[in-house]
Amino acid sequence: MKPSNINKRNIENKENKRKNFKKFSNFIKRKLKLDNRFEYIRRDVATFFSGVLYYLIKELFIISIHTLVLNNKTTITPRTIYLTIKSDEEFENLLKK
């Protein structure tokens with residue numbers, strides 16, 4: 001591959017990530033608006049909340065991959081995510097009922 005194609009692909013990936021994050025942020029904002037406890041929701045609140053959720057999901061999948069490697073498995077299942085949450089002290093405290 002030519003270096004120009006690689007750079008072009010990287011730029012397209014970044015633009016796609018931005019678009020997807022913006023869609024997710026707008027989705028969060030709509031969900032917050034449906035909850036009638038708030039009169040006005042600033043855009044940066046929805047963006048911040050989206051970023052926090054994105055980070056938590058990313059961390060959960062990284063830890064799940066480590067769990068898969070330890071158990072010699074190849075597919076992430078709901079059971080894998082459950083075991084990951086139970087084995088990680090911080091996630092267990094966060095998602096405690």
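Every number here is computed from the coordinates shown, using simple stated rules; none is lab data. Computed from a predicted structure; not experimentally measured. Note that we place each Cβ from the backbone using ideal geometry, even for glycine, and neighbour counts take in every protein chain shown.
Placing a label point 7 Å from the Cα of Leu70 along the Cα-to-Cβ direction, the residues of the range 81-97 with a backbone N closer than 17 Å are 81-93. Computed from backbone phi with θ = phi - 60° and the Karplus coefficients 6.51, -1.76 and 1.60, the 3J(HN,Hα) list for the range 35-52 is 7, 7, 7, 10, 7, 9, 10, 5, 4, 5, 5, 5, 5, 4, 4, 4, x, 5 Hz; x is used for glycine and proline. Other residues with beta-carbon under 9 Å from the beta-carbon of Ile41 carry, at +1 per Lys or Arg and -1 per Asp or Glu, a net charge of +3. A simple count of charges around Leu60, restricted to other residues whose Cβ falls under 13 Å of its Cβ and scoring Lys, Arg +1 and Asp, Glu -1, yields -2. Do any GluC sites (Glu not before Pro) in the range 30-97 lie in a loop, going by DSSP, with at most 10 other beta-carbon atoms within 10 Å of their beta carbon, and if so which? Filter output for the range 30-97: Glu39.
When only Cα pairs below 8 angstrom with a gap of at least 6 residues are kept, the range 5-95 shows a relative contact order of 18 percent. Based on alpha-carbon atoms, the Kirkwood radius and the radius of gyration of the range 37-97 give Rg/Rh equal to 1.14.
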